[in-house]
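Below is one structure, written out as structure tokens; comments come after it.
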Amino acid sequence: MDLFDLIGPVMIGPSSSHTAGAARIGLTARLLLNEDVCKAEVGFHGSFAKTYRGHGTDRAIVGGLMGMAVDDPRLRDSLTLAQESGMAVCFDVVNIRGAHPNTVRLTLTGTSGKELTMEAASVGGGNIEIHKLNGLNVDFTGKEHTLIIHQTDAPGVIAAVTGALAGQSINIANMQVYRRKAGADAMMVIELDGAPEDYVLESLRHMKAIRNVTFLKRRPC
Amino acid sequence: MDFTLSEWVNLAGEGSLADAAVKQQAEETGMTEEAVRATMRSHLRCMQEAVQSGLNEKLRSVSGLSGGQAALFLKRLQEGRLLCGRLLGKAEVYAMATAECNACMGKIVAAPTAGACGILPGAILAMMEESDVTEEQAVNALFVAAAVGQSIATQASISGAEGGCQAECGSAASMAAAALAYLEGGTPQQCADAAAFAMMNLLGLVCDPVGGLVEVPCVYRNVGSCGVAFTAADMVLSGIRCPIAPDEVLLAMKEVGDALPASLRETGEGGCAACASVRARLRANAE
């Protein structure tokens, strides 16, 4: 665990798990959607559900969805800023069986109509974990360079992706593969030691069986 | 790599826990040791700024429950009338100022969390002003604290929602106790023992924020936990050994946290949060 996760982050109060972690979850979802959010449904579970107003969890999530970092003083006013920018936001309380007490479920629509659903938990000290993406179970933090590939389950897709990375001498730190069932929806989450060039990502996007490619840069703070 | 307290002590060997932590952080991140120290130095300066904004007597939180109390505390300190003396008094005043800055949505450094952000800066900044600790020594002390924090986070928890306040103020007091022992020339083993003594004194502390806000009792617990950190450091510096292996105390904290009912783990339902008088005040402020 990074020592600056223990002394840090530098952040807007009042709660590292309920404010800073929430802002990071929002920002990560915004980066995964890869376009401005025009509609957001926010479902709070557990401790989040009980205390989100007092901790500014609602403001932090929305600020993150607008691209704000954890130390951005505009987090305090994000609900007003979202309204002014025309982002539609609604908050709800949800119960997700077996989920971490600080879990949020986001259902987002982007400006082009693109949709994203995500479940993530704020696990303490501002650290976060993404547990579900577009209905599939995943497990990553966004702290490292992360390549997320959404594909149709078929032989050779994993080899093609790892081959493209090897061609750029990019080392894989962690790799997880998920699928709904054989031959159906599948996802790869690959944590990398380096960032791939844009043209490599573009070539992956053109690969047969690959539906979507998202690259999350290592989180700066 | 994550280390237990006993592994950190072994890693430090004859050297210091601070140097071991800096070296480890540099290796893990690929940064130079100088760059790692520079990041901590900027965090230290951010802690100083948070104290200054928290001492503003006009500061108020949205709920109206916090703000301006650290200014009262500072006045009594300046009059030389605090019962606990100048060093601990200043540490506690600064701990409260930082916690109030946080409650008012100001900028702070989580240490290890925002709810417990006053304890470590209170201890370190008071040592700088009252005990001739240099900025470089203070930065080193923060690395000692971070190493202890890592052992706690990976073996137990630093989240109030998971482990109660013992995981937040308890962890911060443990980190501060080790940092204080380091600043007074304690060995790595003494730093680990100080961390354990502080945690032992705060074991079982519940997380019961009134209205779910990081204000009551959080602001006041930052103050008290700062006192626990100094007491723990003083015990080990007197030659008292912790009778329980320090890592076992951390594991005990995890067990106690798991046994706490949800109402006492940051849901704003039990403990202080259930007290009628303060809830009434919160409602009155809202109107």
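Ordered by the count of other Cβ atoms within 10 Å of each Cβ, fewest first, B:C191, A:C38, B:C218, B:C242 give A:C38, B:C242, B:C218, B:C191. DSSP beta bridges confined to the protein assembly as shown are antiparallel in about 90 percent of cases. Sorting the segments A:189-201, A:9-21, A:95-107 by their mean number of nearby beta carbons within 10 angstrom, highest to lowest, gives A:9-21, A:95-107, A:189-201. Label positions at A:I172 and B:Q52, each projected 7 Å from the Cα along the C-beta direction, are separated by 5.0 nm.
Kirkwood analysis of chain A, using all unique Cα-Cα pairs, places the hydrodynamic radius at 17.8 Å.
3J(HN,Hα) along segment B:69-80, derived from phi through the Karplus expression 6.51 cos²θ - 1.76 cosθ + 1.60 where θ = phi - 60°, amounts to 7, 4, 5, 5, 4, 5, 4, 5, 4, 5, 7, x Hz, with x in place of Gly and Pro.
For segment B:110-267, rounded, prolate or oblate, judged on the Cα gyration tensor with a ≥ b ≥ c (square roots of eigenvalues), a/c < 1.5 rounded, else prolate if a/b > b/c? It comes out oblate by the Cα gyration axes. A simple rule links phi to the HN-Hα coupling: the Karplus curve 6.51 cos²θ - 1.76 cosθ + 1.60 with θ = phi - 60°, which for segment B:21-28 gives 5, 4, 4, 5, 5, 5, 5, 5 Hz, with x for Gly and Pro. Restricting segment A:123-187 to trypsin sites (Lys or Arg not before Pro) that sit in a DSSP loop and have at most 11 other Cβ atoms within 10 Å of their own Cβ leaves A:K181.
For segment A:131-202 versus segment B:188-255, the spacing of their alpha-carbon centroids is 42 Å.
The trypsin sites (Lys or Arg not before Pro) of segment B:222-277 that meet both conditions, a loop assignment by DSSP and at most 12 other Cβ atoms within 10 Å of the site Cβ, are B:R241. Here the Karplus relation 6.51 cos²θ - 1.76 cosθ + 1.60, evaluated at θ = phi - 60°, turns the backbone of segment B:60-65 into coupling constants of 9, 7, 4, 6, x, 7 Hz, with x for every Gly and Pro.
Coordinate-derived values only; no laboratory data. Treat the numbers as computed from the prediction; the structure is a model and nothing was measured. Positions of Cβ are backbone-derived with ideal geometry, glycine not excepted, and every protein chain shown enters the neighbour counts.
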